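The values are calculated or read from the model by the stated rules, or taken from the named source; none is laboratory data. Note that the structure is predicted; figures quoted are calculated from it, not measured. FYI the Cβ positions are ideal-geometry reconstructions off the backbone, even for glycines, and counts take in every protein chain you see.
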Amino acid sequence: MVPSAELVDLSRLQFAATALYHFLFVPLTLGLSFLLVIMESVYVMTGKEVYKDMTRFWGKLFGINFALGVTTGITMEFQFGTNWAYYSHYVGDIFGVPLAIEGLMAFFLESTMVGLFFFGWDRLSRVKHLMVTFLVALGSNLSALWILIANGWMQNPVGAEFNYHTMRMEMTSITQLLFNPVAQVKFVHTVSAGYTTASMFVLGISAYYLLIGRDKAFALRSIAVAAGFGLASSLSVIVLGDESGYTAGEVQRVKLAA
């Protein structure tokens, strides 16, 4: 049975709303995790308590954002089955691979390390806790990688062919799936945009602290870290966004023309 046009439109609307709400939290998670790594690295190297305070303060905001991102992301993933069951059956052997790897590799890594990050300050040495923070950042960004590999395949379906016997798409090359040019440019552009977003987030709150005269040393150091990180990521967004456009022109000419 072919779904009605109204059902398809409502499914699209619901999925779009869920994806939009989910992506409010994703960029901040990607960028803030690496800002925490930078702040804690300075603390480990210098021993200055202000950088530890910075890591713990911004870490709390990261934790809230991370929890909201996880809950909205799980809801969105469920909708592949509830709203797009036909699609999931048709391309599940390919589309499900990066999503499964994301869950087993990246999500479990960051979820485990987040607990150690918050409760390991008095139980782990400085270097070990820094390693935990780095693994949180690595897991968060690996999640984006695998999800964008799946997204890139939807836009440029390489490494797959249609099986007329099963009436499904089947993978022919996982290498082509992983190194899909669309997926690669989408990943680097997305994470650099996330780094910029997180930098602006830290700069905004720190500037407010300066404005009201609260914890000036903390605010000034937070601004210094975020400004440098934000400048580098802002420049990379320009370059990588331009490259993304060229890639679309090579493999998605119809999309670019539209």
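Descriptive notes on the structure:
- Condition check for Thr172: more than 30 Å from Trp58 (Cβ to Cβ) and exposed (fewer than 15 other Cβ atoms within 10 Å of the Cβ): yes
- Scanning segment 76-92 for any residue that is closer than 21 Å to Val26 by Cα, in contact with a helix residue (DSSP H, G or I) (Cβ under 6 Å, 6 or more places away or on another chain), in a helix (DSSP H, G or I) and of a type in the set (Asp, Glu) turns up nothing.
- One residue alone among Phe229, Phe218 is aromatic (Phe, Trp, Tyr), in a helix (DSSP H, G or I) and at pLDDT 95 or above, and that residue is Phe229.
- Residue in segment 123-135 that is touching a residue at least 60 places away in the same chain (Cβ under 8 Å), within 27 Å of Ile38 (Cα to Cα) and of a type in the set (Val, Ile, Thr) present: yes
- Whichever residue in segment 93-145 is surrounded by fewer than 17 Cβ atoms within 10 Å (Cβ to Cβ), part of a helix (DSSP H, G or I) and over 20 Å from the mean Cα position of the chain (by Cα) and, among such residues, is modelled with the lowest pLDDT: Asp93
- Residues that are surrounded by 14 or more Cβ atoms within 10 Å (Cβ to Cβ) and more than 18 Å from the chain's Cα centre (by Cα) do occur in segment 71-79.
- When we screen Ala193, Ala106 for residues that are among the small types (Gly, Ala, Ser) and in contact with a Leu (Cβ under 8 Å, 6 or more places away or on another chain), the only hit is Ala106.
- Residues satisfying the stated conditions in segment 194-241, i.e. without any contact (Cβ under 8 Å) to a residue 60 or more places away in the chain and in contact with an Asp or Glu (Cβ under 8 Å, 6 or more places away or on another chain): Tyr209
- Among the residues making up segment 34-76, those that are touching a Leu at 6+ places or on another chain (Cβ under 8 Å) and closer than 15 Å to Ala226 by Cβ are Val37, Glu40, Ser41, Thr55, Trp58, Gly59, Leu61, Phe62.
- Candidate set: segment 32-52, residues that are modelled with pLDDT of 95 or more and small (Gly, Ala, Ser); chosen: the one surrounded by the fewest Cβ atoms within 10 Å (Cβ to Cβ): Ser41
- Whichever residue in segment 25-75 is of a type in the set (Lys, Arg) and either in contact (Cβ under 8 Å) with a residue 24 or more places away in the chain or assigned to a helix (DSSP H, G or I) (or both) and, among such residues, is farthest from Arg221 (Cα to Cα): Lys60
- Residues of segment 167-193 that are closer than 30 Å to Ser234 by Cβ, touching a residue at least 12 places away in the same chain (Cβ under 8 Å) and not in a helix (DSSP H, G or I): Asn180 alone.
- Val158 satisfies every condition listed in (1) in contact with a helix residue (DSSP H, G or I) (Cβ under 6 Å, 6 or more places away or on another chain); (2) without any contact (Cβ under 8 Å) to a residue 40 or more places away in the chain; (3) under 17 Å from Gly31 (Cα atoms) except (3).
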